[in-house]
Every structure is written in structure tokens, then in C-alpha cells.
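Student: Here it is, the structure in full.
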Amino acid sequence: MHRQVRTLSEIQNQPQVWSDCLSLLQQTDLSGLTAGREPERAEWIFVGCGTSFYLAQAAACSLSLLLNVSARAMPASEILLFRSMALPYGHRPYFPILISRSGHTSEILQVAEYFQSQGVSFLAVTCDGRELKEMTPRVLKMPVAEESTVMTSSFTSMLLGLQYLAGTLAGRRDLLNALKTLPGELQRLLDIYTPRVEAFAQTEVEDVAFLGQGPLYSIASETALKVMESSSTYAQYFHTLEFRHGPKSIAGPKTLVGALISESGLEAEAAVLREMKGLGSATMAVTNTAIPSLRDSSDLLIELGLSVPEIARLVIYVVWGQLFGSYRGLAKGMDPDNPQNLSRVVTF
Ligand code: F1P
């Protein structure tokens, strides 16, 4: 374990951080935060930048699946630059959820100013708070003191918060109880898989792609972003079955393909990974339960073995890309705590 790497410590410390967040969530009046703007009354629009945008996607999927409502996610820049396309047409009511670890990102603050000017009530989801939390009375602030440039525990904690909120509104006590088991489950899995991810991250490859379907597409996107940020390796992301429709032309001995496998799509998604293994790619799979063909075609297989509902597994699916990105950065002689060309907050 590289104790001197702060990003790695923050990844490893997620079980503790999640426990702290869950304690706070239990004591928070979550229904009060969204009173009058429930998803049946107004379309929820999740907005963020970078990692917070992929978190917005994961949260929108969670809300849709738990409450059977439509929800959308978009980068803040779309509301700034293509507002008429980004927001619902006409007078359809909507409720923006602005997500920002720092609460200081310029694009998010400009979007918040726009909603203020229009009298549109919005929820802020944040860790640091900064200016954003002063702009609305509706604030969900997670207790995460993350110092790194790249977002790891802040992503999972804010997603946990939004899933806890959706589960509360849906009256899904089973889901809330499932979320409470995740800190212990993650600790169990970190103990098993951290050394294996570190070893796999030494693989020499040029092209990297991560695949996922449904809610796991957002996790594949965030996984690729982590690898780009922490190791300056260009990584792409696709819906798993889309990889056959062109992108697979990059598959070969210098390519790494990572698949985040869903339960409902297990057979079909595993078949894509098997095909890429057959073309010579290095392969990695994260799955809840494996089937023999997936075992045979994965150089690194992370089997979660969770008994919680599928949507509650998202925060655990993302941790392996966080680790892989940092270990790959180290393997390339880089410092994941000081990613090339990046700053902790984008302001202009
Ligand atoms: C969003 C973000 C991060 C990214 C980078 C710059 O920040 O794009 O996702 O890693 O460090 O900022 P925030 O709005 O969530 O604070």
C-alpha cells in the first residue's frame, strides 16, 4: 500500500466516510428538502460538471428506477449554452439538482444564478459547500473532507445521499437498509481485491475502454474519467453492446477492455468481453456473480457477491476504476495527487 498517496488513502477510507454519511442521512429531513417539488410533480434535472456530471447520470437512473418517473442529467454547460434544448419545453415544471463537490465551479454557479433569476427553486448537493450552498435554502451537504484533485469518496458519498433521498421518497425501507450494509461490504471487498487491482494496473496497454449498460453506463464513464485524470491515459466509455458497432476495431494486444456487468444483461455483456479477449485484449470485469465464460475471459475478475438490490451496488462498482486509475498513474511514474494539467476546481 502506498501510504504517501493521499488519493489512495481517500479511496481506501470510503467505508468510514460512507458510515458517517449514512448517520447524517438518517438524521436529515430529506422529504423536507424536496417538499413541493416531488418527482411526480416536477421533472428532476440533475446537473454537474466532470465527475459530478457522471454522478448526475447515476442519480437520474436511480431516481427513475426507484420511483418509476423520468429524470434527466446534463452537464452545466448545456444549460448555459443550449438552454432551450436542455430544459423542458413550455411550462412543464422541473426541479434542478445542482451537484458540485466544491460548490465553487463557475459553470455550476452561473446555472444557479440563472435559476435564481427565474425564481426556479433548486436543491444543491455538495461536500465543501462554498458559494453554492448560500444560493438556495435546499442544501444536502455530505460530510466528506476530500483534499485530492480527483473526486473519489465525494462521488460515492453524494451518490449515496441521492439514492438515500430517492429511497426515502419511494418508501423503500429495504433499500435504505441495503445502503447501510455497504460500508462493511466495501471493506471486505477492498481487502480481497486491492492487491489484484494494483497488479493488473501494471499491464502495458495503449488504448483503454470501459463498458456498461443502464445505470452502469454512468459508472463506466466515471471509471474512464478516473483513469484519464489519475494516469493521463486516454480512456473511452461505451454502452457494452455498442462496442461491437465500430469501437472494437481498436481491440487487440495493446488494448484493455473493462466491463461493468449488470445482472439482467450478464450473458449478453459477458459475450462482448469474451469476444474482446479473443481479439487479444487485456480484460477486466466487475460483476455481482460470475458465470464460467466470464471467469475464463477476464484477466481480472472482481466478483462482488452482494445481496442488496442492483441499483444499490453502483457505489461499489466505481471503486475499482478509482483504484485502477491511481495504481496505473503510479505504474507510469506519475503522481495521482497532482494530475497533469488539472486543478481541483474549474473557475474562469
Ligand atoms: C467538478 C470537477 C471535477 C474534476 C476536476 C474539476 O468539480 O470537474 O470533477 O475532477 O477536478 O472539477 P465540482 O463542481 O464537483 O467541485
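Student: If you roll a 1.4 angstrom probe over the protein chains with everything in place, what fraction of the accessible area of segment 182-331 belongs to carbon and sulfur, to the nearest %?
Tutor: On segment 182-331, the fraction of accessible area on carbon and sulfur atoms equals 51 percent.
Student: Moving on to the next point. Is the C-alpha gyration tensor of segment 80-231 telling us rounded, prolate or oblate? Criteria: a/c under 1.5 is rounded; beyond that, a/b larger than b/c is prolate, otherwise oblate.
Tutor: prolate
Student: How much length, in nm to one decimal, is gained on full extension between residue 20 and residue 181, taken as 0.36 nm per residue of separation minus their Cα-Cα distance?
Tutor: Full-extension gain reported as 56.7 nm.
Student: Could I ask something else about it? Sort 335-344, 211-220, 80-89, 108-117 by the packing proxy (mean of other Cβ within 10 Å over each peptide's residues), most packed first.
Tutor: Descending mean neighbour count gives 211-220, 108-117, 335-344, 80-89.
Student: Continuing with the same structure: May I ask you to rank 302, 192 by accessible area, largest first, using a 1.4 Å probe over the protein chains only?
Tutor: Details: 302 0, 192 70 Å².
Ranking 302, 192 by accessible area, largest first, yields 192, 302.
Student: Starting from the eigenvalues of the Cα gyration tensor, five times each then square-rooted, give me the equivalent ellipsoid semi-axes of segment 282-330, largest first, whole Å.
Tutor: 20, 17, 6
Student: Using amide H atoms built 1.01 Å from N in the peptide plane, name the residues 5+ places from residue 43, or on other chains, whose amide H lies under 5 Å from its own.
Tutor: Correct list: 94, 95.
Student: Next question. Label points 7 Å out from Cα along the Cβ direction at residue 340 and residue 254: separation in nm?
Tutor: About 1.6 nm separates the two model spin labels.
Student: So what is the calculated 222 nm ellipticity per residue for the chain, using -39500 (n - 2.57) for each DSSP H run with n of 4 or more, over all residues, to the nearest 500 deg cm²/dmol? Don't skip to the answer; put the middle values down first.
Tutor: Numbers: 13 runs with 164 residues, N = 348.
It lands at -15000 deg cm²/dmol.
Student: Then there's this: Give the Kirkwood hydrodynamic radius (Å, one decimal) of segment 237-305, defined as one over the mean of 1/r across all pairs of different Cα atoms.
Tutor: 11.7 Å
Student: Moving on to the next point. Which sequence of 255, 168 reflects their accessible areas, 1.4 Å probe, from the largest down?
Tutor: So the residues, ranked largest to smallest area, are 168, 255.
Student: Share of segment 1-131's accessible area from carbon and sulfur, percent, 1.4 Å? Each step should come with its number before you reach the end.
Tutor: Working: 2640 of 5470 Å².
Here it works out to 48 percent.
Student: List residues of segment 319-337, by number, whose backbone nitrogen lies under 15 Å from a label position 7 Å along Cα→C-beta of residue 147.
Tutor: 336-337
Student: Then there's this: Relative to a virtual label point 7 Å from the Cα of residue 38 in the Cα→beta-carbon direction, which members of segment 48-71 show backbone nitrogen distances below 14 Å?
Tutor: From segment 48-71, the list is 67-69.
Student: Another question about this same structure. Calculate how steeply helix 314-331 sits against the longest principal axis of the alpha-carbon atoms of the chain, using the helix alpha-carbon long axis, and give the answer as 0 to 90 degrees to the nearest 10.
Tutor: The angle comes out at about 60 degrees.
Student: Right, here's the next one. How much area per residue is accessible in the chain when the probe is 1.4 Å and only protein heavy atoms are counted (Å²)?
Tutor: 39 Å²
The values are calculated or read from the model by the stated rules, or taken from the named source; none is laboratory data. Predicted model, so just to flag it, every value in this text is computed and none were measured. Here Cβ is always computed from backbone atoms with ideal geometry, including for glycine, and neighbour counts include all displayed protein chains. In case anyone asks, the SASA skips ligands and DNA or RNA and just uses the protein heavy atoms, side chains included. Shrake-Rupley method; radii C 1.70, N 1.55, O 1.52, S 1.80 Å.
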